[in-house]
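*Asks:* First the structure, then my questions, so here it is.
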Ligand code: CTP
């Protein structure tokens, strides 16, 4: 089967040109190159693909050098790993020397040695990701499908290449769920059995690898689908016993996603939502399991603290100043999540009040202004500023003049 027509149809001209050049320069060096994995799958599915992953049956860095035009930036080459990245305008291609992998123990990164395209495809996660397209020469666009990937694509099936696939690399469990939800596929029966049988091998993965898979899941178009599915397949409870992602969280996450927050803030919100419901001790073990960055750890710790504060905040008699005192300095992501998940009505409105009004309240007077009024720099000035802020929040002062008058009264009383 030849897919050069699909290459023309689904790849932008610049990407096509880059692939042709790689294929023909490799041909001049006497080596064969292939487009592999995700882009081949996407091409057959009729989806645009911007990742150009190329396997070279030979020295990938040498091909990358040969395929770089004099006026282009030099390729970024890692000779030890046999990889190179080529840039052409807006496009980039990742070249890798074909390899075979041996997994010495579950979860560990494999031992790699150079191999053939067949070996390179045989080490991959799912049949639909284990196809290759010949680049260059008269067979340009020929499909190499040794594991039935095309038929599985047609039937919407995710199938591992061998029974120990998830044991070798349990990140494939999370990857598989992403593909399943992204494409609306189903796990083939034996693959699903293997996945459920091998959940315990998630324990063998390093924290960084697990976290990376979460982040890739967050980056999906509809992450709530994959997160829900990870929950029902008991993947979450295998990663951390307290981790739950039910329909309510999914619904709330969808709402956040539609708000189009910047990704870094959005992901912090996602982490808080995921961690919601964990106890403070569980949050610590969860953060350690995934080696979460400090910023995320602080946010999820705030999410837990807010749950503990809910009974206190659920008091209609609290003044805005008291609400501010409790919530000031907490992660906004945690507050946004708590606002949606609090069930106590007054606690919820206290949060909304803080998020939408109190945290934006500013005094008219600055510390410098107070000094100009004769209040010396130091602890007293700090105390007066804080009293002014509380008075402003509670509506007891509302202008610069009233703030100044109150400041002077406080100075006299001090
Ligand atoms: N791969 C694998 N096992 C893994 C990671 C990657 O077999 N644990 C292989 C798959 O063949 C995959 C390719 O490496 O297609 C590239 O990996 P990646 O870029 O993560 O996958 P894509 O299929 O391109 O995924 P996505 O569409 O999510 O970018």
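*Asks:* In this structure, does residue 406 turn out to be surrounded by 15 or more Cβ atoms within 10 Å (Cβ to Cβ) and under 38 Å from the mean Cα position of the chain (by Cα)?
*Replies:* On the way: surrounded by 15 or more Cβ atoms within 10 Å (Cβ to Cβ): yes; under 38 Å from the mean Cα position of the chain (by Cα): no.
Here the answer is no, as residue 406 does not meet what is asked.
*Asks:* If you check residue 243 against the conditions, is it surrounded by 15 or more Cβ atoms within 10 Å (Cβ to Cβ) and assigned by TED's automatic domain parsing to the domain that holds residue 199? So that I can check it myself, show each step before the final result.
*Replies:* Details: surrounded by 15 or more Cβ atoms within 10 Å (Cβ to Cβ): yes; assigned by TED's automatic domain parsing to the domain that holds residue 199: no.
When the stated conditions are applied, residue 243 does not pass them.
*Asks:* Whether any residue in segment 166-186 is within 13 Å of residue 44 (Cβ to Cβ), away from the ligand (no atom under 13 Å from the Cβ) and surrounded by fewer than 17 Cβ atoms within 10 Å (Cβ to Cβ) is what I want to check.
*Replies:* no
*Asks:* Something else about it: Go through segment 146-165 and give me each residue that's in contact (Cβ under 8 Å) with a residue 60 or more places away in the chain, over 26 Å from the mean Cα position of the chain (by Cα) and within 13 Å of the ligand (Cβ to nearest atom).
*Replies:* 149
*Asks:* Also, quick follow-up: Could you list, ordered by first residue, the pairs with Cβ atoms under 8 Å in which the first is in segment 44-61 and in contact (Cβ under 8 Å) with a residue 60 or more places away in the chain and under 15 Å from residue 3 (Cα atoms) and the second is assigned to a loop (DSSP other than H, G, I, E, B) and more than 11 Å from the ligand (Cβ to nearest atom), at least 6 apart or interchain?
*Replies:* 44/3
*Asks:* Of the conditions (1) within 27 Å of the chain's Cα centre (by Cα); (2) in the same structural domain as residue 54 (by TED's automatic domain parsing); (3) within 11 Å of the ligand (Cβ to nearest atom), residue 106 satisfies every one except a single condition; which number is it?
*Replies:* (3)
*Asks:* Right, next: Determine whether residue 18 is surrounded by 15 or more Cβ atoms within 10 Å (Cβ to Cβ), in the same structural domain as residue 98 (by TED's automatic domain parsing) and more than 16 Å from the ligand (Cβ to nearest atom). Spell out how you get there, then give the answer.
*Replies:* Working: surrounded by 15 or more Cβ atoms within 10 Å (Cβ to Cβ): yes; in the same structural domain as residue 98 (by TED's automatic domain parsing): yes; more than 16 Å from the ligand (Cβ to nearest atom): yes.
So residue 18 passes the test.
*Asks:* Looking at (1) over 16 Å from the mean Cα position of the chain (by Cα); (2) assigned to a loop (DSSP other than H, G, I, E, B); (3) surrounded by 15 or more Cβ atoms within 10 Å (Cβ to Cβ), find the lone condition where residue 261 falls short.
*Replies:* Tallying (1) over 16 Å from the mean Cα position of the chain (by Cα); (2) assigned to a loop (DSSP other than H, G, I, E, B); (3) surrounded by 15 or more Cβ atoms within 10 Å (Cβ to Cβ), residue 261 fails exactly one: (1).
*Asks:* Next up: Does residue 35 satisfy being touching a helix residue (DSSP H, G or I) at 6+ places or on another chain (Cβ under 7 Å), within 16 Å of the ligand (Cβ to nearest atom), at pLDDT 95 or above and not assigned by TED's automatic domain parsing to the domain that holds residue 165? Steps first, answer last, please.
*Replies:* Working: touching a helix residue (DSSP H, G or I) at 6+ places or on another chain (Cβ under 7 Å): yes; within 16 Å of the ligand (Cβ to nearest atom): yes; at pLDDT 95 or above: yes; not assigned by TED's automatic domain parsing to the domain that holds residue 165: yes.
When the stated conditions are applied, residue 35 passes them.
*Asks:* I'm checking my understanding of the structure. Among residues of segment 216-227 that are within 13 Å of the ligand (Cβ to nearest atom) and surrounded by 14 or more Cβ atoms within 10 Å (Cβ to Cβ), which one is nearest to residue 187 (Cα to Cα)? Explain how you work it out, then say what you get.
*Replies:* The initial filter retains those residues of segment 216-227 that are within 13 Å of the ligand (Cβ to nearest atom), namely 216-221, 223, 226.
After this cut, where a residue has to be surrounded by 14 or more Cβ atoms within 10 Å (Cβ to Cβ) as well, the list is 216-218, 220, 223, 226.
Details: 216: 20, 217: 17, 218: 21, 220: 19, 223: 18, 226: 13 Å.
Only one residue fits best here, namely 226.
*Asks:* Please work out which one of (1) part of a loop (DSSP other than H, G, I, E, B); (2) touching a residue at least 24 places away in the same chain (Cβ under 8 Å) is the condition residue 24 fails and give its number.
*Replies:* (1)
The values are calculated or read from the model by the stated rules, or taken from the named source; none is laboratory data. Keep in mind that this is a model prediction, so the values were computed, not measured. Positions of Cβ are generated from backbone atoms using ideal geometry, with glycine treated the same way; all protein chains shown enter the neighbour counts.
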